[in-house]
Amino acid sequence: MNRSLVAGIAFTVLGLAGYLAGLVAPYPGRAFSITGVMVGITFLAIGNATQLGETA
């Protein structure tokens, strides 16, 4: 498993957790959770493309 894929999973999970926490109780900086999800999805795409390129 490569680092981009692991980072993507981590950013996505943490971003979703931050977003859900922001729905329950507003906190300063909660908009950064959306950024974390976007960065996580980007890293997931990069990690997945890299992994597919290695096996093809």
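The values are calculated or read from the model by the stated rules, or taken from the named source; none is laboratory data. What you see is a predicted model; the values in this text were computed from it and never measured. Because the Cβ atoms are built from the backbone with ideal geometry, glycine has one as well, and the counts that use them run over all protein chains shown. The area values use the complete protein model at the heavy-atom level, side chains included, leaving out ligands, DNA and RNA. Shrake-Rupley method; radii C 1.70, N 1.55, O 1.52, S 1.80 Å.
For every residue, the table says whether it meets (1) among the polar types (S, T, N, Q); (2) part of a helix (DSSP H, G or I); (3) under 14 Å from the mean Cα position of the chain (by Cα).
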| site | (1), (2), (3) |
| --- | --- |
| 4 | yes, yes, yes |
| 8 | no, yes, yes |
| 17 | no, yes, yes |
| 23 | no, yes, no |
| 26 | no, no, no |
| 45 | no, yes, yes |
| 50 | yes, yes, no |
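Considering only residues that are among the hydrophobic types (A, V, I, L, M, F, W, C), under 11 Å from residue 11 (Cβ atoms) and open to solvent by 60 Å² or more (accessible area, probe 1.4 Å), which ones fall in segment 37-56? Residues satisfying the conditions are 38, 41, 43. Contact annotation: residue pairs with Cβ atoms under 8 Å, 6 or more positions apart or on different chains, pairing a residue in segment 25-36 that is free of Cβ contacts under 8 Å to residues at least 24 places away in the same chain and open to solvent by 100 Å² or more (accessible area, probe 1.4 Å) with a partner that is of a type outside the set (Lys, Arg) and not in a loop (DSSP other than H, G, I, E, B), are 30/18; 30/19; 30/21; 30/22; 32/18.
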